[in-house]
Each structure stands twice: as C-alpha cells, then as structure tokens.
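**Student:** Here you go, one structure.
The values are calculated or read from the model by the stated rules, or taken from the named source; none is laboratory data. Keep in mind that this is a model prediction, so the values were computed, not measured. Note that we place each Cβ from the backbone using ideal geometry, even for glycine, and neighbour counts take in every protein chain shown.
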Amino acid sequence: MDAETQPAGTARVAEAAAETVLIEVPAHADYLPVIRSASAHVATRAGFTLPEVADLRLAVDEACGLLLRHTVRDEQAGLSGLGDLACRFVLEASELRVILSRDARNAARPQDDEFGWTILSALVDDIQWKVEGPTVHVEILKRRTAGE
C-alpha cells in the first residue's frame with residue numbers, strides 16, 4: 001500500500017510509534033560495556049547531540065552499577081547463578097527511556113545522597129527505582145534538547 005492509498009492518518013500513527021531495543025546480558029560487571037555501547041548507539045541513532053550521548057552512556061553505566069550493587073540473587077527461591085540484566089531502550093519522538101531490569105530480592109533503593117544516585121540524577125531528566133514482584137527496575141528518561 002503506497003501513501004496515496006493508505007487511510008488518512010495511518011502514516012502519522014506509524015511514525016509516532018515508539019521503537020524498542022532489548023538487550024539481555026549476564027548480570028556481571030564484565031558485560032556492562034555491551035550495554036554502554038548499545039546506549040551510545042541507540043542515542044546517536046535517535047538524534048541526540050554528542051554531549052547528550054555521553055551523558056546517557058554514563059547514566060546507563062551508573063544505573064547498571066547501582067542495580068548490581070543494590071540487589072541480591074535469592075538462591076533458595078530458585079534464582080540460581082548471576083541471572084540476567086535486561087536493558088530496554090524505548091525511543092519516542094523527543095526522548096529515550098531506558099529500563100534496566102534484574103530478578104532479585106533485597107532490592108534496597110539507593111539513598112538520594114548516595115554518590116552514584118546523585119550523579120545519575122544530574123545526568124538524566126528522570127530516574128525511578130521500582131520493585132515489581134521479584135524484579136527490580138531502574139528506569140531513566142533522557143529528553144533531547146529543545147530545537148532538535
């Protein structure tokens with residue numbers, strides 16, 4: 001179906017739909033460079049400026065580190081080994097949402113005055129720590145600068 005035969009508004013709906021990229025790696029610091037590199041690539045593709053890409057890359061790295069430091073796997077509950085660290089990038093018109101997830105217990109949210117949380121808060125537009133059942137999520141939001 002070409003643009004002339006599409007129902008009115010269909011092309012705009014398709015263009016407005018969010019694009020999602022999902023990466024899963026073992027929950028170990030040795031695999032964080034994969035997620036760091038992916039965050040830079042996704043942000044660049046989404047049209048972020050070089051300083052915004054650098055900020056997002058650092059923020060994703062710090063969020064991964066916080067998630068790994070502040071969660072504990074529960075061997076007795078059948079969560080064996082390191083588990084996986086999932087990273088979902090959701091690209092929308094002018095923002096990028098990154099959701100990092102790990103199955104864990106004892107998911108202590110970092111204190112607001114903890115150095116890593118403070119740095120992370122300064123690099124992104126919003127950050128949330130969520131616990132949903134056995135899964136801990138760190139969600140960060142980065143908006144492109146105005147005029148982009």
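**Student:** Applying the selection to the range 30-61, what residues are charged (D, E, K, R), more than 12 Å from the chain's Cα centre (by Cα) and buried (at least 18 other Cβ atoms within 10 Å of the Cβ)? Give the steps one after another, and end with the answer.
**Tutor:** As a first pass, look at the range 30-61 and keep what is charged (D, E, K, R): 30, 36, 45, 52, 55, 57, 61.
Add one more test, that the residue is more than 12 Å from the chain's Cα centre (by Cα), and what stays is 30, 45, 52, 55.
Scanning the range 30-61 gives a single hit, Glu52.
**Student:** Might you check whether a residue that is closer than 15 Å to Ser39 by Cα, out of contact with any Pro (no Cβ under 9 Å at 6 or more places or on another chain) and not in a loop (DSSP other than H, G, I, E, B) occurs anywhere in the range 116-131? I'd like the intermediate steps shown before the answer.
**Tutor:** Initially, the range 116-131 is screened for residues closer than 15 Å to Ser39 by Cα, giving 120, 123-124.
Narrowing the set further to residues that are out of contact with any Pro (no Cβ under 9 Å at 6 or more places or on another chain) leaves 123-124.
Filter again for not in a loop (DSSP other than H, G, I, E, B), leaving 123.
For the range 116-131, residues closer than 15 Å to Ser39 by Cα, out of contact with any Pro (no Cβ under 9 Å at 6 or more places or on another chain) and not in a loop (DSSP other than H, G, I, E, B): present.
**Student:** Of all residues being at pLDDT 85 or above and aliphatic (A, V, I, L, M) in the range 101-121, which is nearest to the chain's Cα centre (by Cα)? Just the residue, please.
**Tutor:** Ranking the qualifying residues of the range 101-121, first place goes to Leu120.
**Student:** OK, next. Please go through (1) part of a strand (DSSP E or B); (2) of a type outside the set (Asp, Glu); (3) over 12 Å from the mean Cα position of the chain (by Cα) for Ile140 and return the number of the only condition it doesn't satisfy.
**Tutor:** (3)
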